[in-house]
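First up is the structure itself, then whatever we jot down about it.
The values are calculated or read from the model by the stated rules, or taken from the named source; none is laboratory data. Please read all numbers here as calculations on a predicted model, not as lab measurements. Glycine gets a Cβ as well: all are built from the backbone with ideal geometry, and neighbour counts include every protein chain shown. Ligands, DNA and RNA are stripped out before the accessible areas are found, and what is left, the full protein with its side chains, is counted by its heavy atoms. Shrake-Rupley method; radii C 1.70, N 1.55, O 1.52, S 1.80 Å.
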Amino acid sequence: MAYVAVKGGERAIDNAHAWLADARRGDPDLPALTLAQIEQQLGRAVDRVMAEGALHDRRLAALALMQAQGDVTEAAFLLRAYRTTLPRFAAGEPLDTAAMHLRRRVSAIYKDLPGGQMLGPTTDYTHRLLDFALPTASPAPAARRTGEPKPMPRIGDILGAEGLMEPDAADPGSSGDLTREPLAFPAARDVRLQALARADEGFLLGLGYSTQRGYGNTHPFVGEIRVGETAVEIIPPELGFPISIGDITLTECQMVTQFRGSKTTPPQFTRGYGLAFGHSERRAMAMSLLDRSLRAAELGEDVVAPAQDVEFVLSHCDSIEATGFVEHLKLPHYVDFQSELETIRRMRADAMRGALTEAEAAE
Amino acid sequence: MAVLARASAGEIEARLADGPELPPHVRLRGPETGMVMVRGRAGGSGAPFNLGEMTVTRCAVRLESGTIGHAYVAGTDVKQAELAAVLDAALQDGGRQAGLQQAVIAPLAALQAARRADEAAKAAATSVEFFTMATMRGG
């Protein structure tokens, strides 16, 4: 039955796609968008598509956004599908975020941390008033320039020097890779971080928010947010030494949380970590909240809230998996539903017969 | 290699137009686009984890002299990768090195350093001093 419907739908599907292309282009009297315009002027959307698509390429992400009519989840889906056509040449050397060329660096716990604070191109202090002059504004005023920033060590390295901050765990030698092996539980922190890094931003934000509202026991502070360019290095086997293949923009967040200590560990600050492609502070902050809340079991805290439940969070955080399963509901389920219909009819008939028998017995 | 990885094909070609001619080459591999898995470290300095992939284009070439050049450049620009591979090979040739270094690599490196310095200066202009009330009272 379902196959008949698919065959019959062919022309309708072609026509729907043609209309979609029309609708995507919009009024042909208006100039078409270019990829460069999307990449340059809708950069935060490009960043989000790269993060959730788990593939860093600004031009391809801009193309995905154009094709998806600005639908970020659909665009990430396109990018995630495209990456399956590419071979992997190498794994990068772990990024050195301490050597990041910083555009922005702020801390909410130290007002005068070494190197100071730099706001960068932030919206934090804007009034969120719609700027009606923006569409017609002449070229934006040039950003001002003064000198050069001082060296800015990472906050963890500063607090760590006093012994008040938990040290980073040692390298176990190998890390899990969700692009190669499906998610399995228990999931170690490396796999959790990979899943969170490509998770749906809305899901991360909502669950991160829940930890602040009492669903999970954390009282977080932003130790540091860093935004800037970091070099990616690989060691090609034919060369045998590290080479730099380019820079990518990254946002890093260190969320600091108090920890009462345990039998083996003195009271100290613990950390949640967020790292995201592009300038994506909301994503990096929410990720760091969840990285910390998902460490509850490891730190001997009670696991009582959704944001502390590794299986719940990791199984539902991926926007591509989630949209696939939710949206598949609109595809033909005629056979499934037919059997449900028959079951319901049979149950109703049985119930009716039962009621009749009871009524007769009562008489 | 780091300089060529950060220069567009157009920028490299513009420098070559005024510089010495590149020797002929044959392609050994590519140019072809694939991916590199970008890895972060938990907490910034802890155990590595897979952050996500990035596109990268690679190329390997051989000059008539037998010298082999390699390039891996971020993104999908096959022209950039091939030019970078040929330059990598040519720069290993003592006779050509100084000329290419001066005509191509040094100006591109200077351009990239200037861009970076410009970004840094914009960032420095947003440096901020936050004062707490206690500090203000204490003068």
* Given the conditions (1) surrounded by fewer than 11 Cβ atoms within 10 Å (Cβ to Cβ); (2) at pLDDT below 95, and given that A:Ala2 satisfies all but one, which numbered condition is not satisfied? -> (1)
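Quick one: is A:Pro151 more than 7 Å from chain B (Cβ to nearest Cβ) and out of contact with any Pro (no Cβ under 9 Å at 6 or more places or on another chain)?
no
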* In the list A:Leu164, A:Leu159, which residue meets the criterion of being in contact (Cβ under 8 Å) with a residue 40 or more places away in the chain and surrounded by 15 or more Cβ atoms within 10 Å (Cβ to Cβ)? -> A:Leu159
* Asked: Of all residues in region A:232-281 being part of a strand (DSSP E or B) and open to solvent by 40 Å² or more (accessible area, probe 1.4 Å), which is nearest to the other protein chains (Cβ to nearest Cβ)?
  -> A:Asp247
* Which of the following residues is surrounded by fewer than 21 Cβ atoms within 10 Å (Cβ to Cβ), acidic (Asp, Glu), over 18 Å from A:Ile235 (Cα atoms) and under 14 Å from the mean Cα position of the chain (by Cα): B:Glu82, B:Glu64, B:Glu11? -> B:Glu11
* Asked: For residues in region A:282-298 being more than 14 Å from every other protein chain (Cβ to nearest Cβ) and outside any helix (DSSP H, G or I), which is surrounded by the fewest Cβ atoms within 10 Å (Cβ to Cβ)?
  -> A:Ala297
* Structure fact -> The condition from (1) more than 9 Å from chain B (Cβ to nearest Cβ); (2) at pLDDT below 95; (3) assigned to a helix (DSSP H, G or I) that A:Arg128 misses is numbered (3)
* Asked: Just to be sure, is A:Leu183 closer than 26 Å to A:Thr323 by Cβ and more than 8 Å from chain B (Cβ to nearest Cβ)?
  -> yes
* Structure fact -> Counting only residues that are in contact (Cβ under 8 Å) with a residue 12 or more places away in the chain, under 22 Å from A:Pro242 (Cβ atoms) and either touching a Gly at 6+ places or on another chain (Cβ under 9 Å) or facing chain A (nearest Cβ under 7 Å) (or both), region B:1-27 contains a total of 3
* Check A:Ala91, A:Ala61, A:Ala54 and return the single one that is surrounded by fewer than 19 Cβ atoms within 10 Å (Cβ to Cβ), closer than 17 Å to B:Leu51 by Cβ, of a type outside the set (D, E, K, R) and within 11 Å of another protein chain (Cβ to nearest Cβ). => A:Ala91
